[in-house]
Each structure stands twice: as structure tokens, then as C-alpha cells.
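The next block holds one structure in the form of C-alpha cells; read it before the comments.
The values are calculated or read from the model by the stated rules, or taken from the named source; none is laboratory data. Note that this is a predicted model, so its numbers are computed, not measured. We place every Cβ from the backbone using ideal geometry, glycine too, and count neighbours over all the protein chains shown.
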Amino acid sequence: MSNSSARTLHLSLLMTLPQLKFRSSKKQLSFFENLPRSHGGSQSLGKRKTFRPVDTKQPLHLVLHSDLAKQKLALVNYNSAITKIISRMAERFKISIYEINVNFNHIHLLVHGKQRKNLQDFFRSIAALIARKVTGAKKGKPFGRFWSYLLFSRIVNGWKKDFEYVRNYIIKNTHETLGLISYQRDRAKKIIKRHPV
């Protein structure tokens, strides 16, 4: 191959490199956009256990739900104790809490954590400690499974519109629990469709 032919081939390759890089980055972007943003809840029933998606730059909407939380076991009866458990574990694992709602049979949380491991430890700790507090389970006195589903988590789409949507929903949920406003079935349907729990 002559020197001029080699130079022509070299220039041709250089010209195609940015295009190849751009195509690769587009594929990567498409891959990350298609990753699931939620995990657990009723949508996990009958499905193989999968990796929980977490984005440490985005807030998370969490829900714990128990069909057994009725009458004496209703979560709202332990509101103060549950809130203290969540606050204590949040401090321990460096989790920021933006909203908490302890309802009759479920708990809503809007949180943010900067490390995946701390978030996972926080999830496990609050689920175990709250169940133990409500059921009175201890060593030698087991209760069995209290939570109906795996803890539900959803990556909230940023800190603006979606964050405020979830935050306002949790606040309204609290007002309903306290009897300050009536239960809004249509609003509940919308949030369940958006955040299946």
C-alpha cells in the first residue's frame, strides 16, 4: 500500500470514529431509559426475584403494605412508635425523609439516600423493626410473615413535578387518615395505577 493510500484510509477511519462513538452512546442511553423504575409491591407476586432499581441521585417513593394490619394490628395504632423507628433508622443509615404517612394497613415514605447499601439496609431494618413492634414478635415468640408484599419502591422522576406529585399525595393520605378530608377514591385509583402497591 502506498503512503498516500495509507493516509487516505487513516483519515477515513478517523472520520467514522465520532459517528461510532455517538451510536454507542445512543444505545447506552436507550438501555438506561428502558430500565424498570419500580420494584416490589403487588406487581412482584408470582414473579422471579429481580434486582431492585435504585438511583442515588433521585428520590424514592416507598410503600409497605400488610393485609394483616387490622384492628389491634392496624399500623395507625402504632403511629408514634413507627415514626420513631423510621427516623432512627434514617439517621443511622443517612437517609433523608421528606414525607411519612402511617395509614391503617400501609405506610408511604418519600426518601433519598446517597448510597445503595445504606438504602438497602434502611429498607430491611424498618420492615423488620416495624413488624416486630406491631406483632410483638420476639425470640421464642414468632409471628410469621406480616408484610403482604416485598417493600415497594419507585424511582421518582426528578425533584420537581413528580416529586411534588408524590409528596402532595402522601400529605393528602395523611389528612385522610386523620379524618381531616374524606377518602378520594378517584385519586387513589390514579396513584395505584401510577405506583402499583
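A few comments on the model shown:
- Within the stretch 143-170, the set of residues being surrounded by fewer than 14 Cβ atoms within 10 Å (Cβ to Cβ) and either among the aromatic types (Phe, Trp, Tyr) or at pLDDT below 95 (or both) comprises 144, 145, 159.
- Residue check for residue 67: surrounded by fewer than 20 Cβ atoms within 10 Å (Cβ to Cβ), over 19 Å from the mean Cα position of the chain (by Cα) and in a loop (DSSP other than H, G, I, E, B): yes
- Any pair with Cβ under 8 angstrom, 6 or more apart, that starts in the stretch 156-182 at a residue that is over 18 Å from residue 37 (Cβ atoms) and ends at one that is modelled with pLDDT under 95 and not in a loop (DSSP other than H, G, I, E, B): 172/187; 181/172; 181/175; 182/176
Here's the yes/no breakdown for (1) touching a helix residue (DSSP H, G or I) at 6+ places or on another chain (Cβ under 7 Å); (2) of a type in the set (Ser, Thr, Tyr):
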residue	(1), (2)
38	no, yes
53	no, no
70	no, no
91	no, no
101	yes, no
112	no, no
120	no, no
132	no, no
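- The set of residues in the stretch 91-146 that are on the phi < 0 side of the Ramachandran plot and free of Cβ contacts under 8 Å to residues at least 12 places away in the same chain comprises 91, 117, 124, 128, 132, 137, 138, 139, 141, 142, 145.
- When residue 188 is tested against (1) aliphatic (A, V, I, L, M); (2) at pLDDT below 95; (3) surrounded by 18 or more Cβ atoms within 10 Å (Cβ to Cβ), exactly one condition is not met: (3).
- Filter result (closer than 21 Å to residue 40 by Cα and either touching a Pro at 6+ places or on another chain (Cβ under 7 Å) or small (Gly, Ala, Ser) (or both)) within the stretch 50-95: 53, 66, 69, 90
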